[in-house]
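A.B. asks: I am attaching a structure below and will ask some questions about it afterwards.
The values are calculated or read from the model by the stated rules, or taken from the named source; none is laboratory data. The model shown is predicted, which means the values in this text are computed figures rather than measured ones. Cβ sites come from the backbone with ideal geometry, for glycine too, and all protein chains shown count toward neighbours. Surface accessibility is based on the protein's heavy atoms, side chains included, excluding ligands, DNA and RNA. Shrake-Rupley method; radii C 1.70, N 1.55, O 1.52, S 1.80 Å.
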Amino acid sequence: MDVKAFAALEAGGKLEEYHYQLPNLEDEQVDIKVEYCGICHSDLSMLNNEWGMTQYPFVPGHEIVGEIIAIGKAVENLKVGDKVGLGWMSGSCMHCHECMDGSHHLCSSLEQTIVGRHGGFADKVRAHWSWAIPIPAEMDISKVGPLLCGGITVFNPIVLSGVKPTDRVGVIGIGGLGHMALRFLKYWGCEVYAFSSNPSKKDAILKMGASKVINSRKPDDLDSIRGKLDFILNTTNVTLDWDSYLSTLAPKGKLHTVGAVLEPMQIPAFSLIMGEKSVGGSPLGSPALTRTMLDFCVRHEIYPTVEEFPMSQVNQALQHLEEGKARYRVVLKN
């Protein structure tokens with residue numbers, strides 16, 4: 001089957017029209033006609049080979065929403081015509097301990113949608129049926145794409161860390177990931193503190209669901225919540241003064257990062273020991289948890305804030321994101 005896509009031929013290169021052939025469909029695979037595909041900062045990182053694992057020609061795109069157009073003979077619970085989403089993962093072994101335990105996203109044989117294969121900046125994409133997530137009929141599919149990567153990335157830590165509705169929580173970085181985290185935590189029932197270094201975004205951040213905005217560049221603001229927070233979610237990928245944030249945690253509080261900070265995080269041991277505090281991290285989430293997240297979004301009418309570009313303007317859309325102009329996620333329409 002011929003696939004029309006947009007690919008970069010070298011690190012940092014512009015995307016150009018690219019055609020490739022998919023082999024015969026395997027028994028447990030599905031083909032998806034791409035209708036929308038979000039753009040994530042991970043697409044930019046892979047495009048520029050920042051993580052040293054990109055293969056060229058490279059077709060980005062891992063926030064895919066579309067319609068199943070073909071299924072293998074062993075596919076379960078899906079049929080041609082179903083609306084589905086596909087995120088960072090497109091396959092797992094289905095027999096290791098992690099898969100059998102429901103933690104498919106931790107499978108050591110995980111297939112990643114844009115690592116060693118072509119992604120969703122295309123008219124079609126292929127995946128194992130288990131990672132083709134059914135989209136609830138009530139949802140606006142033009143806005144679902146970013147939930148399949150950014151959304152589940154910030155939803156998983158809420159469940160993983162046992163965040164309670166009575167908790168006071170903080171979110172560092174109110175951008176593509178952070179603005180979704182605010183909305184999830186608001187409807188989770190939490191008192192939500194947003195850490196931001198941009199005062200001009202205060203009103204917008206409060207409308208997103210924050211109870212209070214803390215200026216992370218003002219020591220007095222940080223001191224005002226010293227020892228109060230039960231959980232902090234870091235969505236940034238830059239080095240910060242981690243000890244200052246740890247000081248805002250209550251005893252037994254948790255600092256959890258989903259931002260891919262490339263430098264080692266400087267965490268003073270006594271900042272953890274004296275309050276029985278902990279630091280953790282996580283990738284996205286399992287197919288089951290992704291379905292739960294979408295159900296939660298339906299219940300509370302939660303969507304990311306998106307800007308839409310036609311797929312033909314993919315280079316302009318990537319530049320818009322790279323220049324920090326996106327408010328707050330970019331989606332391509334086929």
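A.B. asks: So which residues in the stretch 260-280 are more than 23 Å from I225 (Cα to Cα) and in contact (Cβ under 8 Å) with a residue 12 or more places away in the chain?
C.D. replies: Result: A260, V261, L262, E263.
A.B. asks: Does K277 meet the test of being farther than 28 Å from H128 by Cβ, at pLDDT below 95 and not aromatic (F, W, Y)?
C.D. replies: So K277 fails the test.
A.B. asks: Next question, about the same structure. Go through the stretch 130-158 and give me each residue that's under 10 Å from T290 (Cα atoms) and either among the charged types (D, E, K, R) or in a helix (DSSP H, G or I) (or both).
C.D. replies: W131, L147, L148, G151, I152, T153, F155, N156
A.B. asks: Filter the stretch 185-219 for residues that are small (G, A, S) and part of a helix (DSSP H, G or I); which is least open to solvent (accessible area, probe 1.4 Å)?
C.D. replies: Our first condition is that a residue be small (G, A, S); within the stretch 185-219, this holds for 189, 194, 196-197, 200, 204, 209-211, 216.
The next check asks that each one be part of a helix (DSSP H, G or I); those that pass are 200, 204.
On the way: S200: 99, A204: 43 Å².
Among them, the one singled out is A204.
A.B. asks: From the list E17, E76, which one is in contact with a Phe, Trp or Tyr (Cβ under 7 Å, 6 or more places away or on another chain), more than 20 Å from L284 (Cα to Cα) and not in a strand (DSSP E or B)?
C.D. replies: None of the other options fit; the residue is E76.
A.B. asks: Given the criterion in contact with a strand residue (DSSP E or B) (Cβ under 7 Å, 6 or more places away or on another chain), surrounded by 23 or more Cβ atoms within 10 Å (Cβ to Cβ), touching a residue at least 24 places away in the same chain (Cβ under 8 Å) and aromatic (F, W, Y), identify the matching residue among Y36, Y56, Y20.
C.D. replies: Selected residue: Y36, the only one of Y36, Y56, Y20 that is in contact with a strand residue (DSSP E or B) (Cβ under 7 Å, 6 or more places away or on another chain), surrounded by 23 or more Cβ atoms within 10 Å (Cβ to Cβ), touching a residue at least 24 places away in the same chain (Cβ under 8 Å) and aromatic (F, W, Y).
A.B. asks: Of the residues H95, H179, H105, which single one is more than 20 Å from N24 (Cβ to Cβ), assigned to a helix (DSSP H, G or I) and open to solvent by 20 Å² or more (accessible area, probe 1.4 Å)?
C.D. replies: Going through H95, H179, H105 in turn, the sole match is H105.
A.B. asks: Only helices (runs of 4 or more DSSP H) wholly contained in the stretch 220-334 count here; list those with 3 or more residues that are hydroxyl-bearing (S, T, Y) and out of contact with any helix residue (DSSP H, G or I) (no Cβ under 6 Å at 6 or more places or on another chain).
C.D. replies: Once the helices (runs of 4 or more DSSP H) in the stretch 220-334 are filtered for at least 3 residues that are hydroxyl-bearing (S, T, Y) and out of contact with any helix residue (DSSP H, G or I) (no Cβ under 6 Å at 6 or more places or on another chain), nothing remains.
A.B. asks: Would you point out the residue of the stretch 108-124, among those that are among the small types (G, A, S) and touching a strand residue (DSSP E or B) at 6+ places or on another chain (Cβ under 7 Å), that is surrounded by the fewest Cβ atoms within 10 Å (Cβ to Cβ)?
C.D. replies: Ranking the candidates gives A122 first.
A.B. asks: Another one. Just wondering, is there one or more residues in the stretch 307-316 that are open to solvent by 60 Å² or more (accessible area, probe 1.4 Å), closer than 28 Å to L78 by Cβ and not basic (K, R)?
C.D. replies: There is at least one residue in the stretch 307-316 that is open to solvent by 60 Å² or more (accessible area, probe 1.4 Å), closer than 28 Å to L78 by Cβ and not basic (K, R).
A.B. asks: Give me the pairs: first residue in the stretch 235-259 and on the phi > 0 side of the Ramachandran plot, second residue crowded, with 18+ Cβ neighbours inside 10 Å, beta-carbon distance under 9 Å, and six or more apart or on different chains, which are they?
C.D. replies: Close Cβ pairs satisfying both conditions: K252/D230; K252/K277.
A.B. asks: So, of the residues in the stretch 280-301 that are over 15 Å from the mean Cα position of the chain (by Cα) and open to solvent by less than 60 Å² (accessible area, probe 1.4 Å), which turns out to be farthest from L255 (Cα to Cα)?
C.D. replies: Once the filter is applied, the top-ranked residue is V298.
A.B. asks: Being open to solvent by 30 Å² or more (accessible area, probe 1.4 Å) and among the aliphatic types (A, V, I, L, M) is the filter; apply it to the stretch 72-92 and report the residue that is nearest to G145 (Cα to Cα).
C.D. replies: It comes out as V80.
A.B. asks: Would you please name the residue that is nearest to K83 (Cα to Cα), looking only at residues in the stretch 134-176 that are surrounded by fewer than 24 Cβ atoms within 10 Å (Cβ to Cβ) and in contact with a Pro (Cβ under 9 Å, 6 or more places away or on another chain)?
C.D. replies: K143
A.B. asks: In the stretch 5-17, which residues are surrounded by 13 or more Cβ atoms within 10 Å (Cβ to Cβ) and either under 11 Å from G119 (Cβ atoms) or touching a Lys or Arg at 6+ places or on another chain (Cβ under 8 Å) (or both)?
C.D. replies: Across the stretch 5-17, the qualifying residues are A5, F6, A7, A8.
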